[in-house]
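*Asks:* Input: one structure, supplied below.
The values are calculated or read from the model by the stated rules, or taken from the named source; none is laboratory data. The structure presented is a predicted model; accordingly, all values stated were derived computationally and were not measured. Cβ coordinates were reconstructed from backbone atoms using ideal geometry, including for glycine residues, and neighbour counts include every protein chain displayed. Surface areas here come from the heavy atoms of the whole protein model, side chains and all, with no ligands, DNA or RNA. Shrake-Rupley method; radii C 1.70, N 1.55, O 1.52, S 1.80 Å.
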Amino acid sequence: TSPATMTSRRAKNRRENLAEEAKAREPMDDVMNMLHRMAHENLRAIPQEDLGPMQWHGVIQSTCDPTIVQRDPLGNGDQSFISALSDGGMKLRRVWASGVNFHPLNMPAFPQACWNGDIAAVRKAISRCPADKLRELLETRQSLLRMSPLLIVCASSRLVGEYTLLPGMADHKPDMFPKKGADHVACALALLEAKANIDARDICGNNVMHHCATAIASARSLEVALVLAKKGADPNAPNRQGEVPLCESVTHRKEKSIIVLLECGADPSLEMHCGSGVPMSGFSMARCSPEETKLMHQATLRRTACGTMALLAMRVELEGLSDDSLLGRRGVCLELDTAKGRYAVVLDAMKEGEGKARSVSVRPRNLILCEKQLVGKLVAVSE
């Protein structure tokens, strides 16, 4: 068969597969569009009055139990769930987004050093701190946002190098930027080596992964995220409103942040509230972006491929093979040959009535999970 024929056949296979998936997805797309529309209508219905400094304390007192902070001033405080669609939840989110009284110049020397990525000053402060005062140094919260030194490092790392501003977002003041030569990765590692709490949360329940891999993440903050994930930071931890770190990146279509979070172990199948009050998985939220959906499928495949029976009866698509006739072909996974590290895949018939289906042996890295996982009757496998 000529290369031109193979290319034409491959293109035809993909068109047929896409058409089949689109038809199967239509009812779900209608439901998702309806849910998104309802969520936006609910958000618009909530009053948007100005929340100035006089209202900050009132909002925080109504949404956070002060007795928890009184019992442990160095802890995470009230981390109870609060709906993003409730009046208190919306006000708390807006207070958090405003930054309230958080500013590096208002902080003591140690958190200022963390903000500036001044590794020499951070190490010096830690080495000179008495053992009985070390937790206080590492966990004292700053501003009404209750930012720990580790969270401050993560937030500051977003302003190093090229950074992104969302539509309608005001630029930062010049005195907010870290000083030149900042080393946020080294600062984060120094804090963790001194036993800083890697699961520190701010007033909205955001952890280090929420702060590093946001919609306004920079290359430096994503680098910090990768380092913290290796040290045990949870990429699937929900904040107080049920939002996991992946939520914001998917909502704003930030592919670099999505890639890093998936590499850190984020699970796109988890339900995400994402401020709408309507729980959705990462797959559902990324449905209109084929590239992001593919990334999530690949991440799920990597997470499950370690189990010997994880992909049994799952529908997959073949990619990255040297044999052009197999590219884009779909089929059903059978058992995993643990010795060779390959799955047996029974390919779909090219056309109805073609006869016995072909079985191929494929490495997990050459498989993509299909959205449609309804497996029909398996035809006989050729010897």
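*Asks:* Of all helices (runs of 4 or more DSSP H) completely enclosed by the range 80-139, which ones contain at least 3 residues that are open to solvent by 40 Å² or more (accessible area, probe 1.4 Å), basic (Lys, Arg) and farther than 20 Å from Gln55 by Cβ?
*Replies:* 119-128
*Asks:* Answer yes if at least one residue in the range 180-188 is surrounded by fewer than 24 Cβ atoms within 10 Å (Cβ to Cβ), in a helix (DSSP H, G or I) and modelled with pLDDT of 95 or more, and no otherwise.
*Replies:* yes
*Asks:* Taking into account only those residues within the range 228-246 that are in a helix (DSSP H, G or I), modelled with pLDDT of 90 or more and touching an Asp or Glu at 6+ places or on another chain (Cβ under 9 Å), which is surrounded by the most Cβ atoms within 10 Å (Cβ to Cβ)?
*Replies:* Pro245
*Asks:* Here's something else I'd like to know. From Asp337, Asp323, grab the single residue that is over 26 Å from Ala266 (Cα atoms) and modelled with pLDDT of 75 or more. Give the steps one after another, and end with the answer.
*Replies:* Values: Asp337 fails: modelled with pLDDT of 75 or more.
The match here is Asp323.
*Asks:* Filter the range 46-72 for residues that are out of contact with any Ser or Thr (no Cβ under 8 Å at 6 or more places or on another chain) and part of a loop (DSSP other than H, G, I, E, B); which is modelled with the lowest pLDDT?
*Replies:* Ile46
*Asks:* Which residue, of Ser284, Ser249, is assigned to a helix (DSSP H, G or I), within 30 Å of Asp87 (Cβ to Cβ) and at pLDDT 70 or above?
*Replies:* Ser249
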